[in-house]
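A.B. asks: Got a structure for you, questions after.
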Amino acid sequence: MNLSILAVAGQIAWKRIKPVVIRDTVLLPAAGFLGLILVWWAIALVRHELMPTPPEALIENLDYIFHPFYRRGPGDLGLGWLLLASLRRVTIGFLIGAAVAIPVGFLIGMSRSAMLAINPLIQVLKPVSPLAWLPIALAIFNLANPSAIFVIFITSLWSTIINTAMGVASVPKDYQDVARMLEMPTWKKIVKIILPASLPYIFTGLRISLGVAWLVIVAVEMLTGGIGIGFFVWDEWSRLNLSSVFLAVFVIGLTGLILDYLLSLLETWITHRPARS
């Protein structure tokens with residue numbers, strides 16, 4: 001009896017909130033995308049000699065869409081292979097950056113001396129454009145692929161370091177006092193108290209770093225060439241094939257959204273709390 005009452009109450013509540021959910025999750029986002037497409041369409045009609053309309057771009061990109069993993073020669077690969085090559089570089093550089101940035105953030109957050117020594121260095125290097133590191137990386141490695149990974153590594157440091165340090169520094173003093181009373185060793189205090197309390201800040205830094213890294217890899221590949229979604233954009237622009245450029249822009253944006261969503265799922269799974277938007 002109680003279950004049937006709860007079921008009826010749930011159905012009534014769902015009927016009330018269903019229009020709001022559909023509006024917020026479907027209709028309003030669809031209206032935003034529709035508005036963007038209409039703006040693109042209007043500009044294309046004015047500059048039709050240079051820019052295709054959305055239907056024309058869709059028709060011209062059907063081969064890329066339906067055959068993303070084709071191989072037709074050494075330099076003729078489907079968009080899926082190019083995307084995977086870029087994702088591989090971003091993943092390697094991002095993971096190396098996180099492995100360095102999180103311990104450094106803990107050190108800064110727990111030690112005033114470390115903060116005074118390292119913080120000025122961060123403030124000087126953080127505003128430097130990631131692309132400014134590319135000539136240095138090319139001089140060191142003399143190869144495009146490790147140079148791109150190095151630039152992603154540098155890009156991934158700053159937001160994660162800063163947010164991790166903020167999270168460590170914001171751990172309530174009461175927690176610290178409890179650890180001191182229990183005479184916890186430093187490693188145990190970090191693992192049991194400081195790390196769990198800092199995780200939301202750490203993941204915020206990681207999500208920002210990942211977003212910037214994905215943005216930067218496109219620009220780096222434009223300059224270094226080789227296999228990757230960034231070089232694809234530059235190559236298609238050189239051929240004045242804007243239809244493929246629009247497709248690449250959509251794929252890049254959608255991939256960035258998926259990466260951020262996956263990292264937010266990981267945060268929810270580890271912290272057992274909803275990820276910050």
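The values are calculated or read from the model by the stated rules, or taken from the named source; none is laboratory data. Values in this document were obtained by computation on a predicted structure and should not be read as measured data. Every residue, glycine as well, gets a Cβ built from its backbone with ideal geometry; the counts of neighbours run over all protein chains shown. Keep in mind that these areas ignore ligands, DNA and RNA; they rest on the heavy atoms of the full protein, side chains included. Shrake-Rupley method; radii C 1.70, N 1.55, O 1.52, S 1.80 Å.
A.B. asks: Quick one: how many residues across region 33-70 are assigned to a helix (DSSP H, G or I) and either within 20 Å of Leu240 (Cβ to Cβ) or at pLDDT 85 or above (or both)? Break it down stepwise before answering.
C.D. replies: Step one: filter region 33-70 for residues assigned to a helix (DSSP H, G or I), giving 33-46, 54-60, 62-66.
Checking which are either within 20 Å of Leu240 (Cβ to Cβ) or at pLDDT 85 or above (or both) leaves us with 34-46, 54-60, 62-66.
Looking only at that region, the number is 25.
A.B. asks: Given the conditions (1) surrounded by fewer than 21 Cβ atoms within 10 Å (Cβ to Cβ); (2) modelled with pLDDT of 90 or more; (3) under 30 Å from Thr268 (Cα atoms); (4) not charged (D, E, K, R), which single one is not true for Tyr175?
C.D. replies: (2)
A.B. asks: Among the residues of region 221-248, how many are over 25 Å from Ile59 (Cα atoms), open to solvent by less than 20 Å² (accessible area, probe 1.4 Å) and more than 21 Å from the chain's Cα centre (by Cα)?
C.D. replies: Matching residues across region 221-248 total 1.
A.B. asks: Among the candidates Val251, Val218, which residue alone is at pLDDT 90 or above, within 30 Å of Ile59 (Cα to Cα) and among the hydrophobic types (A, V, I, L, M, F, W, C)?
C.D. replies: Within the list Val251, Val218, the selection yields Val251.
A.B. asks: Being open to solvent by 70 Å² or more (accessible area, probe 1.4 Å) and not small (Gly, Ala, Ser) is the filter here; which residues of region 63-90 pass it? Break it down stepwise before answering.
C.D. replies: Let us first name the residues in region 63-90 that are open to solvent by 70 Å² or more (accessible area, probe 1.4 Å), namely 65-67, 69, 71-72, 74-75, 81, 84, 88.
Within region 63-90, Ile65, Phe66, His67, Phe69, Arg71, Arg72, Pro74, Trp81, Leu84, Arg88 meet the criteria.
A.B. asks: For region 195-218, what are the residues that are open to solvent by less than 30 Å² (accessible area, probe 1.4 Å) and under 15 Å from the mean Cα position of the chain (by Cα)?
C.D. replies: Ile202, Phe203, Gly205, Leu206, Ser209, Leu210, Ala213, Trp214, Val216, Ile217, Val218
A.B. asks: Given the condition farther than 27 Å from Leu157 by Cα, charged (D, E, K, R) and either free of Cβ contacts under 8 Å to residues at least 12 places away in the same chain or in contact with a helix residue (DSSP H, G or I) (Cβ under 8 Å, 6 or more places away or on another chain) (or both), answer yes or no: does some residue in region 205-213 qualify? Please lay out each step first, then the result.
C.D. replies: Step one: of region 205-213, the residues farther than 27 Å from Leu157 by Cα are none.
The answer is no; no qualifying residue exists.
A.B. asks: For region 267-277: of the residues being touching a residue at least 24 places away in the same chain (Cβ under 8 Å) and loosely packed, with under 14 Cβ neighbours inside 10 Å, which is nearest to the chain's Cα centre (by Cα)? Walk me through it before giving the result.
C.D. replies: Of all residues in region 267-277, those touching a residue at least 24 places away in the same chain (Cβ under 8 Å) come to 267, 270-271, 273, 275-276.
Now drop any that are not loosely packed, with under 14 Cβ neighbours inside 10 Å, which leaves 270, 273, 276.
Details: Ile270: 18, Arg273: 20, Arg276: 14 Å.
My answer is Arg276.
A.B. asks: Select from region 249-260 the residues that are under 16 Å from Ile65 (Cβ atoms) and crowded, with 17+ Cβ neighbours inside 10 Å and list them in ascending order. Break it down into steps so the answer makes sense when it comes.
C.D. replies: From region 249-260, those under 16 Å from Ile65 (Cβ atoms) are 249-255; that's our starting set.
Matches in region 249-260: Val251, Ile252.
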